[in-house]
Amino acid sequence: MKQVMMSIATMAVVLLLSACGGKTGKSASDADSLQADSVTTETAETGVDKHTEAYLRERVDSIYFNYKNPKYQKDGTRIYNGKFINRDSAYCSKSYQDLLAKAEEIAQENEEPLLDYDHWTNSQDDNNFTCEISKINNMTDSTAVVKLKAKNFGKPYTITLNMRFERNDWYVDDFISDDGIGEKTYFKEYIERNTFYQRFSLDDLLYLTEHYAESAKAEMSGLSFIYHDSQSDEDMDYDVYVYGRDVSRSTKKELGYNLISNTPHAFYFSMSLDTSTNGGLYFYNTLDANDFYERAIKTKPFTFEGKHITVKKEPDGKSFLVQEVLKDRSTNTKFAIHRPVGNGEYFLIEVEIYV
């Protein structure tokens, strides 16, 4: 599913009756639990049976009617019935809104887009956009799949909506792409991946490289920082292993042997300090490795234990430097981080430590 930017300012819509129909197709993909609502009670309260295809068509048509017939302010902002109403808030299910809010918060912190298209039209621009319902599939008291025949810039295509009945009406629970993957799946994976990378940062790497001589276990960011030292002649060598996300170490006494990856998102860090000083961030998934690298290279200046730290990209674009800015404005390089490369079953981000 493409990574894309959601227009939070997209405005919403009032109810207007209209109809079109059919019945076949695929079932709703989301497994969120929801009790079936009572048709009898709702009919008695409102005089309308909301669990019919006819009503669902009216509901979906009403959501799209004002989208296709908006008014505009002078600055180009759309107004629907004289009100600023966000259509996602007005017409999406609670579980969809919750996932979207969490993913948007992370995307804003990462200063990257979450969605780059309008999921209501499945397009980036909507000049000459039109649509009509073609099918309603697998309808139950609480779920349904609605397919719309759409046309934009003269090109015909299909919009697929997973609908959910809650709060006494039908709401869009998911927007399904052509490959059959819903936005909720994409949001969940984005949240899972980025929540972990937000916890392990350059700050954590600095802790490891600055405090490698501490022969003790430190708990940071939910990771086990394990320090192992061995003495050869009069020189002390240190091996540092961080058993991170979904990686288990073997029962052997020698740390770092037989690392076991439990999931596709496994990750660990190792560092050896002897005649040379090098470390490595090992990711089981190449996408995770690249995501971490791209996040780290965009890190803004920050303070670590009273030191001012900044990131400097190398001209070759294949690495960047993590530097301390001194009082005279000169810099002292702490370490260089290189782009991920394949390394056996893992993808390695080499950490070249300056001592």
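Mind checking the per residue accessible area of region 101-180 for me, 1.4 Å probe, whole number of Å²?
Result: 44 Å² per residue.
When only C-alpha pairs under 8 Å and at least 6 residues apart count, what is the relative contact order of region 303-350, in percent?
The normalised contact order for region 303-350 reaches 25 percent.
Which whole-number value in Å² is the accessible area per residue of region 258-342, probe 1.4 Å?
Heavy-atom SASA per residue in region 258-342 reads 53 Å².
Testing the spin-label approximation: label points 7 Å from Cα along Cα→Cβ at Ser177 and Glu314. State their distance in nm.
If labels sit at Ser177 and Glu314, their model points lie 3.3 nm apart.
Restricting things to alpha carbons, tell me how big region 147-209 is in terms of Rg and Dmax, in Å.
When restricted to Cα atoms, region 147-209 yields Rg and Dmax of 19.3, 58 Å.
I'd like to compare 303-310, 102-109: which one has the highest average count of other Cβ atoms within 10 Å, and what's the full order after that?
Going by the mean number of other Cβ atoms within 10 Å, highest first, we get 102-109, 303-310.
Looking at region 50-172, how many pairs of lysines come closer than 25 Å at the Cα, when each pair is eight or more places apart or spans two chains?
26
From the convex hull of the Cα coordinates of region 266-350, what is the mean projected area in square nanometres?
Computed as one quarter of the Cα hull surface, the answer is 6.8 nm².
The values are calculated or read from the model by the stated rules, or taken from the named source; none is laboratory data. Here the structure is a predicted model, which means the values were calculated and not measured. Don't worry about glycine lacking a Cβ; one is built from the backbone with ideal geometry, like all the others, and counts go over all protein chains shown. Please note that ligands, DNA and RNA were not included when accessible areas were found on the heavy atoms of the full protein model with its side chains. Shrake-Rupley method; radii C 1.70, N 1.55, O 1.52, S 1.80 Å.
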